[in-house]
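Undergrad: Submitted below is the structure of interest, expressed as structure tokens.
The values are calculated or read from the model by the stated rules, or taken from the named source; none is laboratory data. Given the structure is predicted, the values throughout are model-derived calculations rather than measurements. So basically every Cβ, Gly included, is an ideal-geometry build from the backbone, and we count neighbours across all protein chains shown. SASA here: full protein model, heavy atoms, side chains in, ligands and nucleic acids out. Shrake-Rupley method; radii C 1.70, N 1.55, O 1.52, S 1.80 Å.
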Amino acid sequence: MSRWAKQIETQVGIPTVCVAMDNIVHYAVTYIREYYTGMPLRFVAVPFPFTGQPKSVDVGYVTGKDMLNGGPLMAGVVSALTSPLTANEKISGAPANESVEPRLLPPDTEDNLRALFDAKEWSDYNWINLPTEKKVMAMLRGTSHKPDEIIKTVTITGGARPLSVEKVAISAVMAGASPEHFPVILALATQAPFGNSTSSMANMVVINGPIGKKLNFNSGTNAMGPYNRSNAVVGRAFTILSKTAGDLRNGINAWESLGSNFQYNNILYAENEDNLPDGWKPLHTQMGFNPDDNVVTVGTGWTSISSVGGSQELYPVHYLMRDYMRSLTASGSAATIVMDPTVAGLLQNAHGFKTKEQLSEWFSQNAEKTAGNYWGNGVIQSMVVPLALQGLEPYASWRKVPNETMIKPFTNSRAIHIVVTGGKIQTTWFVTDFGMRRGVKIDDWA
Amino acid sequence: MKAQILAGALLGSLALLPAAVSARPLPKNARQTSDSGKSGNSGSSAKEKLPFPNVPRITAEEVEKLIKAKGDVVIVDTDDSMSYGAEHIKDAVNIAYDPTVDVSNEDQTLQVLPGNKLIVFYCNCPHEEDSAPMVQEMWQLGYAHNQVKALQGGLTRWEQLGYPLAGTDLPKGTQEKGE
């Protein structure tokens, strides 16, 4: 909103006032103003939530009180548009720089340093290894890349941060990783920071290739549980890395209303490549990598639904998965089905899915939901409606059908991924809405 | 007792901050650069290095042929919504590229684009500076390399060839689509 307001004022020359929700307006007034637009903007505020309310409620907001400044909202709008600039608003040029942290912190007690890291929100609030120079240097020996090499520039609210190999090593140490994990974490760093939304966005990380066995990533029993060091520390490193590199601070610029417990570990596991049915390729080879390549793949989503019990003959397993998929947003057709090798075998042997791709295509053709269910989701509203109104099919046509009309929202079968992991103890699976990005070759970071 | 071992040796993770405060968001300059390229297809000399050379380009002529043949093509305007509203290729949809924001923030929107059609991104810039990064991001999302391309010369080239446009800045009576 601030960007648009700035654009209207500077490019079109029209005085502008931003109408924000009262849950976020102070962030807009302060942080965005100082670090994002670089320009003072005027705001009024209405109560939250705004969307999903009866129109009478929204009308009440407009005729009601300005939650930021007091007084009637519309009077606030008129005042913001017409009153002369204050002295503070006439200040031009870039805002004063935020205080700069030194590369090396001054000496202090361990307790004080831990308190400092917590206060700065540089951790996940679990116990961290304090990143001494000695420990960080040891971590850096896990890669041939130089400490000052810039992996990427992370765009944060109001700026950009070059993310160096050394900074990733700091997070790796803090998470409890060992130098042999470091190339995996560096590859993950190319995908940092993790998702940050007002809803409970999270990530899923999949390890493929021989490195899974070499570093003892878990792809067997409890692959997705707290029973393996590599899964635990590498997943955690992505969290710490994302929080520090992405400048994510609770209530300042991290605004997930409920948050997500997935963000502690980012659902990191390895694919059980040894137990894939014949013809079912590992995730990384589906993406075009060689089987011997070591690859880490990061997905972004919100939802994971467990099968709870094992598969039954009464109702084929892929039917149940399809039914669960109806609960997903289908945003961008994204879904990732995580299944035990026994389920994969069942799908091939009992139901004839010779490849993962066949199964993905079946889901694309058979997972249906009502148009009302589809359009009733906030993510779909914000992401898809603008494109539908511009004529993009099939969304433009779906906007015109009655709410109860069944549609097939997973239009792109390539966005439906199948990953096999687990210990062959029970025929269980998860249906998730994680959209997988292209994998990153770990070997490039060794 | 002070942690002497840590003295002077603790690497503050927010040694990240200096860059964060020194690198303010740059104003989007695509409009200005595009103006300089209006005299030719792309305004570039043969020796000038093409940005994003690995991103495949498609000519305006090829896209026009595909549209006329009712081919499966989706055209995406990467300019901001105001510029899109003012003028865009007829039937193009708008997914803005903002250089101040990590392009991966657009993932949820980009994934809405169909997986079974040719997708052509364009910008109002001479060398596809804004459209080419979107093509790369589509690859990251799993779209096939030959399925996503950048329009060579962008909107300027399209306009030069007199191909159909839409938008509020067009003379009255010539607007192909109400905005």
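Undergrad: If a paramagnetic tag sat 7 Å from the Cα of A:Asn403 along the Cα-Cβ line, which residues of the stretch A:44-75 would have the backbone N under 16 Å from that point?
TA: A:52-56
Undergrad: Can you list the trypsin sites (Lys or Arg not before Pro) in the stretch A:333-416 that are in a DSSP coil and have 11 or fewer other beta carbons within 10 angstrom?
TA: Working: sites: A:Lys354, A:Lys356, A:Lys369, A:Arg399, A:Lys400, A:Arg414; in loops: A:Lys354, A:Arg399, A:Lys400.
For trypsin sites (Lys or Arg not before Pro) across the stretch A:333-416 that sit outside H, G, I, E and B with at most 11 neighbouring Cβ atoms in 10 Å, the list reads A:Lys400.
Undergrad: Computed FRET efficiency, Cβ-Cβ of A:Ala75 and B:Lys90, R0 41 Å: what is it to the nearest 0.05? Don't skip to the end; give the middle numbers.
TA: Working: r = 43 Å, r/R0 = 1.05.
Approximately 0.40, to the nearest 0.05.
Undergrad: Could you check which residue among A:Leu314, A:Leu268, A:Leu215 shows the biggest mean-square fluctuation in a GNM of chain A with a 10 Å Cα cutoff?
TA: Its mean-square fluctuation being the largest, the pick is A:Leu314.
Undergrad: What percent does the relative contact order of the stretch A:307-446 come to when contacts are Cα pairs within less than 8 Å and at least six residues apart? Don't skip to the end; give the middle numbers.
TA: Numbers: 207 pairs, mean separation 63.5, N = 140.
That works out to 45 percent.
Undergrad: Now for a separate question. Just want to confirm a number: the relative contact order over chain A, from Cα pairs under 8 angstrom separated by 6+ residues, in percent.
TA: On the way: 795 pairs, mean separation 70.1, N = 446.
Value for chain A: 16 percent.
Undergrad: Then there is this: How far is it, in nm, from the label point at A:Ile252 to the one at A:Lys120 when both lie 7 Å from their Cα along the line to the Cβ?
TA: 1.1 nm
Undergrad: Jot down the per residue volume, in cubic angstrom and as a whole number, of the convex hull over the alpha-carbon atoms of chain A. Display every interim value, and only then the final one.
TA: Values: hull volume 78.3 nm³, N = 446.
For chain A, the hull spanned by Cα atoms encloses 176 Å³ per residue.
Undergrad: Rounded to the nearest 0.05, what FRET efficiency do B:Ala69 and A:His26 have when you use their Cβ-Cβ distance and R0 = 51 Å? All intermediate terms of the calculation are to be shown ahead of the outcome.
TA: Details: r = 54 Å, r/R0 = 1.06.
In this case the efficiency is close to 0.40.
Undergrad: So which GluC sites (Glu not before Pro) in the stretch B:127-163 are both in a DSSP loop and have at most 10 other Cβ atoms within 10 Å of their Cβ?
TA: Values: sites: B:Glu128, B:Glu129, B:Glu137, B:Glu159; in loops: B:Glu128, B:Glu129.
Passing sites in the stretch B:127-163 do not exist.
Undergrad: Rounded, prolate or oblate: which one fits the stretch A:96-146, using the alpha carbon gyration tensor with axes a ≥ b ≥ c (rounded when a/c is under 1.5, else prolate when a/b beats b/c, else oblate)?
TA: On the way: a/c = 1.86, a/b = 1.32, b/c = 1.41.
Oblate is the answer for the stretch A:96-146, as a/c is 1.5 or above yet b/c matches or exceeds a/b.
Undergrad: Let me ask something else. I need the shape label for the stretch A:59-203. Rule: rounded when a/c is under 1.5, else prolate if a/b > b/c, else oblate, with a, b, c from the alpha carbon gyration tensor. Provide the component values of the computation, followed by the final result.
TA: On the way: a/c = 2.47, a/b = 2.31, b/c = 1.07.
The shape class here is prolate.
Undergrad: Using only protein heavy atoms and a 1.4 Å probe, how much accessible area in total is buried between B and A, to the nearest 100 Å²? Numbers along the way, then the final one.
TA: Working: alone 10660 and 22180 Å², together 27640 Å².
Separately minus together, B and A give about 5200 Å² buried.
Undergrad: Next up: Give the dimensionless ratio obtained when the Cα radius of gyration of the stretch A:297-400 is divided by 2.2 N^0.38 Å. Present the calculation step by step, with values, prior to reporting the outcome.
TA: Numbers: Rg = 15.6 Å, N = 104, 2.2 N^0.38 = 12.8 Å.
Working it through for the stretch A:297-400, the quotient is 1.22.
Undergrad: Please sort through the DSSP H helices of chain A and keep those with an alpha-carbon extent of at least 18 Å along the long axis and a Kyte-Doolittle average not below -0.5. Spell out each step's value before the answer.
TA: Numbers: long enough: A:229-245 (23 Å, 0.30).
Passing helices, by number: A:229-245.
Undergrad: Separate question: Projecting each Cα onto the charge dipole of the protein assembly as shown (Lys/Arg +1, Asp/Glu -1 at the beta carbon, about the Cα centre), which of B:Ala132, A:Asn126, A:Ile150 comes out farthest on the positive side?
TA: A:Ile150
Undergrad: What is the sum of charges, Lys and Arg at +1 and Asp and Glu at -1, for the other residues whose Cβ falls under 14 Å from the Cβ of A:Asn265? All intermediate terms of the calculation are to be shown ahead of the outcome.
TA: Numbers: positive: A:Arg229, A:Arg236, A:Lys243; negative: A:Asp124.
Net local charge, A:Asn265 excluded: +2.
Undergrad: Please work out the C-alpha center-to-center distance from the stretch A:249-272 to the stretch B:84-155 and express it in whole Å.
TA: One Cα centre to the other: 28 Å.
Undergrad: Now a separate question. Given axes a ≥ b ≥ c from the Cα gyration tensor, I'd like to know whether the stretch A:151-215 is rounded (a/c under 1.5), prolate (a/b larger than b/c) or oblate. Could you put the intermediate results ahead of the total?
TA: Numbers: a/c = 2.22, a/b = 1.41, b/c = 1.58.
Verdict is oblate for the stretch A:151-215.
Undergrad: Counting only residues 5 or more places away or on other chains, whose amide H sits under 5 Å from the amide H of B:Leu141 once H atoms are built in the peptide plane?
TA: A:Arg438
Undergrad: Quickly estimate the mean residue ellipticity at 222 nm for chain A, helices only: each DSSP H run with n ≥ 4 gives -39500 (n - 2.57), and the total goes over all residues, rounded to 500. If you can, show how the numbers build up before the last one.
TA: Values: 17 runs with 136 residues, N = 446.
For chain A, the value works out to -8000 deg cm²/dmol.
Undergrad: Give me the percent of accessible area attributable to carbon and sulfur for the protein assembly as shown, probe 1.4 angstrom. Could the numbers behind the result be given before it?
TA: Numbers: 14960 of 27640 Å².
Answer for the protein assembly as shown: carbon and sulfur cover 54 percent of the accessible area.
Undergrad: For the stretch A:103-171, which chymotrypsin sites (Phe, Trp or Tyr not before Pro) pass both filters: DSSP loop (anything but H, G, I, E, B) and at most 10 other C-beta atoms within 10 Å?
TA: Numbers: sites: A:Phe117, A:Trp122, A:Tyr125, A:Trp127; in loops: A:Trp122, A:Tyr125, A:Trp127.
Loop-located and lightly packed - A:Tyr125, A:Trp127.
Undergrad: Let me ask another. Using the Cα centre as the reference, give the magnitude of the dipole from point charges on the C-beta atoms of the protein assembly as shown (Lys, Arg: +1; Asp, Glu: -1; all else neutral), rounded to the nearest 20 debye. Mind showing how you got there, number by number?
TA: Working: 54 positive and 61 negative charges, 26 e Å.
In total the dipole reaches around 120 debye.
Undergrad: Another question, then. Work out how much length A:Thr10 to A:Val57 would gain on full extension: take 0.36 nm times their residue separation and subtract the Cα-Cα distance, in nm to one decimal.
TA: Details: separation 47, 0.36 × 47 = 16.92 nm, distance 3.32 nm.
Here the answer is 13.6 nm.
Undergrad: How many angstrom separate the Cα center of the stretch A:336-411 from the Cα center of the stretch B:54-82?
TA: Between the Cα centres of the stretch A:336-411 and the stretch B:54-82 lies a distance of 26 Å.
Undergrad: In square angstrom, what is the accessible area per residue of the protein assembly as shown with a 1.4 angstrom probe? Let's see the in-between values first.
TA: Working: 27640 Å² over 625 residues.
It amounts to 44 Å² per residue over the protein assembly as shown.
Undergrad: Moving to a separate point now. Rounded to the nearest angstrom and ordered from largest down, what semi-axes does the equivalent ellipsoid of the stretch B:63-177 get from its C-alpha gyration tensor (root of 5λ)?
TA: Details: eigenvalues 100, 54, 30 Å².
Over the Cα atoms of the stretch B:63-177, the semi-axes work out to 22, 16, 12 Å.
Undergrad: If I model a spin label at A:Ile425 and A:Asn349 as a point 7 Å from the Cα along the Cα→Cβ vector, what separation in nanometres do I get?
TA: 2.1 nm
Undergrad: Determine by what factor the alpha-carbon radius of gyration of the stretch A:239-287 differs from 2.2 N^0.38 Å, reporting the quotient. Walk me through the intermediate numbers first.
TA: Working: Rg = 16.9 Å, N = 49, 2.2 N^0.38 = 9.7 Å.
The reported ratio for this selection is 1.75.
Undergrad: Separate question: Treating the beta-carbon of each Lys and Arg as +1 and of each Asp and Glu as -1, no other charges, what is the dipole magnitude of the stretch A:157-262 about its Cα centre, to the nearest 20 debye?
TA: Working: 8 positive and 4 negative charges, 30 e Å.
So the magnitude is around 140 debye.
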